[in-house]
Amino acid sequence: MSKNRLWAVVLGAAALATLTQCFTNKKNEGQRLYVQHCQSCHMEDGSGLRGLIPPIAGADYLQTHRRQLPCLIRHGIEGTIVVNGVEYNQPMPGIARMRKDHITNLLNYIQTNFGNRNQRYTMQEIEQLLEQCPPHQQQ
């Protein structure tokens, strides 16, 4: 094997190892973001606080308000919402400085866990939906 070919193989292996580690580090990012920002109110199992904080586990709101969810994460929400037929009127603070990739990973974690089997978001979809956000979402 020539030195150039050997060098190419070594560089390729190093690049592959770097990419693999990059994706591995992101693997559980949605869960980590949920624990950090959401779990204290929505609970470890996504059940919410009965009568005060809506559940995200099996929540119909995740499907019926899919286009608004990125804005809800970024800006929060005030006012009455209905989740699984139950009204909730507790403000939820937004996370204004959360990066778009973090919003994508957080929402994809929520959409595919807690008994939810909803469609995942793409980064491009999150970017487009965030561009459509009003400065402060009211439901």
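A few remarks follow.
- For Glu87, the requirement of being at pLDDT 95 or above, open to solvent by 30 Å² or more (accessible area, probe 1.4 Å) and among the acidic types (Asp, Glu) is met.
- Hey, Asn105 outside any helix (DSSP H, G or I), farther than 17 Å from Leu49 by Cα and open to solvent by 10 Å² or more (accessible area, probe 1.4 Å) or not: no
- Residue in the stretch 108-139 that is surrounded by the most Cβ atoms within 10 Å (Cβ to Cβ), counting only those that are touching a residue at least 60 places away in the same chain (Cβ under 8 Å) and under 12 Å from the mean Cα position of the chain (by Cα): Ile110
- If you check Gly85, Gly76 for being of a type in the set (Gly, Ala, Ser), out of contact with any Lys or Arg (no Cβ under 7 Å at 6 or more places or on another chain) and without any contact (Cβ under 8 Å) to a residue 40 or more places away in the chain, only one passes: Gly85.
The values are calculated or read from the model by the stated rules, or taken from the named source; none is laboratory data. What you are looking at is a predicted structure, and each value in this text was computed from that prediction instead of being measured. Cβ sites come from the backbone with ideal geometry, for glycine too, and all protein chains shown count toward neighbours. Note: accessible area is taken over every heavy atom of the protein model, side chains too, but ligands, DNA and RNA are not part of it. Shrake-Rupley method; radii C 1.70, N 1.55, O 1.52, S 1.80 Å.
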